[in-house]
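Visitor: Dropping the structure in here first, questions after.
What follows is calculated from the coordinates using simple rules that are stated; it is not laboratory data. Please read these numbers as outputs of a predicted model, since none were measured by experiment. Note: ideal-geometry Cβ built from the backbone for every residue, glycine included; neighbour counts use all protein chains shown.
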Amino acid sequence: MNKITSPRIYAVLLSVILAAGQLLSQQNRQANKEFEPEVGQEGKDVVWVPTPQALVDKMLELAQAKPGDLLVDLGSGDGRTVITAAKKGIKAIGVEYNPDMVALSYKNAEKEGIKDKVEFINGDLFEYDFSRATVVTMFLLPDINLRLRPQILEMKPGTRIVTNTFTMGDWTPDDTARADDESTYWNTAYLWIVPAKVEGRWKLQPAGELVFLQEFQMVKGEIISGGKKETFSDGKIRGDEITFTAGNIVYKGKIRGNVIEGTAENGKSITKWTATR
C-alpha cells in the first residue's frame, strides 16, 4: 500500500472517519450503554482518533518534556498523553470538550495509579488559557492549528509545541520525528519552539545599529557600524537564543526582552556585544 504523506489527504481521511463516528455515536446513544469511545466519534472541533502510544512517547521525547515542565494537551481525548507525561513526573493538564471523555480519562489515570497526579478540564480549547504551559501537545486539524497559532506565538519564548501529523501553515517546524510504528498513518511528530520577538531596530553597543526582519524563528537584517553596512540572511531564533553571520563574524546572543547580550567570533577572537531597543 502506498504511504499517505499529504496533510490534505490526512484531513480527508479524518472527514471519512467523522462520518463513521457520527453513526457509531448515534448507535451508542440509542443503545443507552456505558460510554465507550469510538474511533472517529464526533467532537466539537475534531473527531477523536487516538494518538498511537509510540507517537505519544516520541512527542514527549521531541519536546524534551521533563519534571518541572507544565504540559497542556489540547483535545486530550482518553487522556493518554497526559497520563504518559504524569508517569514521567511531569505536571500535565488535559483540555477536552466531551465530558464522557474526561470521565474516561480519570478512569484511565486511576488504572495507572496516578489519578491524583493529573488534571482534566472539561472545556473549550479556544477558551482555556494555556499561556502558563511550557509544553503544548496537540492532535488537531490544520485549520485549528492556524487558529491557535497567534495565541501560541504570544507564549513565553522557549515554549515547546508538539503536534501529531498536522503542521502550522507557513511556520516551519524546528524539528521532526517519526515513531517506529508503520502500522498507522499517525506516526509523525512536529516540534516548534516559540521564538522571542526581535523585529525592528536595535542600538548596538558600543556603537552602531542592528536591524532585524523576522518571520517566525527566521531572521535577516543588517548591521550598521562605522559607516559600513553588513547584511545577513541566515539568522535563526531558538526560544530566547539568536545566531546569525554578518561578513565573517558569527554572532550569538541571549534575548531578554529589550536586551540582547552575546558574543561575536571571527575565527581568531571572541568579543562581547550588547544590543538594546
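Visitor: Largest first and to the nearest Å, give the Cα extent of the range 24-159 along each principal axis.
Guide: If we take the Cα atoms of the range 24-159, the spans are 49, 35, 25 Å.
Visitor: Above 19 Å lies some portion of the pair distances; for the range 200-276, what is it as a whole percent of all C-alpha pairs? Intermediate values should be presented prior to the final figure.
Guide: Details: 704 of 2926 pairs.
Tail of P(r) above 19 Å: 24 percent of Cα pairs.
Visitor: Report the charge-dipole magnitude of the range 200-276 in Debye, nearest 20, computed about the Cα centre from +1 at each Lys and Arg Cβ and -1 at each Asp and Glu Cβ. Walk me through the intermediate numbers first.
Guide: Working: 12 positive and 9 negative charges, 28 e Å.
My answer is approximately 140 debye.
Visitor: Neighbour counts of other C-beta atoms within 10 Å: give me Lys91, Lys58 arranged from fewest to most. Could the numbers behind the result be given before it?
Guide: Details: Lys91 19, Lys58 22.
Taking fewest neighbouring Cβ atoms as first place, the list is Lys91, Lys58.
Visitor: Treating the beta-carbon of each Lys and Arg as +1 and of each Asp and Glu as -1, no other charges, what is the dipole magnitude of the chain about its Cα centre, to the nearest 20 debye?
Guide: 1060
Visitor: To continue, here is another question. If you average the sequence gap of Cα pairs under 8 Å that are 6 or more apart and divide by the length of the chain, what percent do you get for the contact order?
Guide: Details: 569 pairs, mean separation 32.7, N = 277.
Over the chain, the number comes to 12 percent.
Visitor: For the range 200-276, what is the relative contact order in percent, using Cα pairs closer than 8 Å and at least 6 residues apart in sequence? Before the final figure, lay out each step's value.
Guide: On the way: 167 pairs, mean separation 16.6, N = 77.
Over the range 200-276, the number comes to 22 percent.
Visitor: Given the options Phe126, Val250, Leu191, identify the residue whose Cα lies farthest towards the positive end of the charge dipole of the range 115-262 (+1 on Cβ of Lys, Arg; -1 on Cβ of Asp, Glu).
Guide: Positive-end residue among those listed: Val250.
Visitor: How much length, in nm to one decimal, is gained on full extension between Glu222 and Asp116, taken as 0.36 nm per residue of separation minus their Cα-Cα distance?
Guide: Values: separation 106, 0.36 × 106 = 38.16 nm, distance 5.29 nm.
Full extension of this stretch gives 32.9 nm more.
Visitor: Output the pairs from Lys66/Lys272; Lys58/Lys117; Lys91/Lys111; Lys88/Lys252 with a Cα-Cα distance over 25 Å in this structure; if there are none, say none.
Guide: Details: Lys66/Lys272 32 Å; Lys58/Lys117 21 Å; Lys91/Lys111 18 Å; Lys88/Lys252 33 Å.
Beyond 25 Å: Lys66/Lys272; Lys88/Lys252.
Visitor: Expressed as a whole number of Å, what is the distance separating the alpha-carbon centroids of the range 84-105 and the range 209-277?
Guide: Comparing the Cα centres of the range 209-277 and the range 84-105, I get a distance of 41 Å.
Visitor: FRET efficiency for Leu146 and Glu61, Cβ-Cβ distance as r, R0 = 30 Å, nearest 0.05?
Guide: 0.70
Visitor: Okay, next question. With N denoting the number of residues in the chain, provide Rg(C-alpha) divided by 2.2 N^0.38 Å, to two decimal places. The partial results should precede the final answer.
Guide: Working: Rg = 22.3 Å, N = 277, 2.2 N^0.38 = 18.6 Å.
Compared with the compact-globule rule of thumb, the chain sits at 1.20.
Visitor: Hey, another quick one. Among Val82, Ser105, Phe232, whose Cα projects farthest towards the positive end of the dipole of the chain, with charges put on the beta-carbon of Lys, Arg (+1) and Asp, Glu (-1)?
Guide: Going by the charge dipole, the pick is Phe232.
Visitor: Mind checking which helices in the chain clear 30 Å along their axis (Cα) and have mean Kyte-Doolittle hydropathy of 1.6 or more, DSSP H runs only? Could the numbers behind the result be given before it?
Guide: Numbers: long enough: 7-31 (35 Å, 0.49).
Correct list, ordered by number: empty.
Visitor: I'd like the Karplus ³J(HN,Hα) series for the range 252-268: coefficients 6.51, -1.76, 1.60, θ = phi - 60°, whole numbers in Hz, and an x wherever there's a Gly or Pro.
Guide: 10, x, 10, 9, 10, x, 9, 9, 10, 10, x, 10, 10, 10, 10, x, 10
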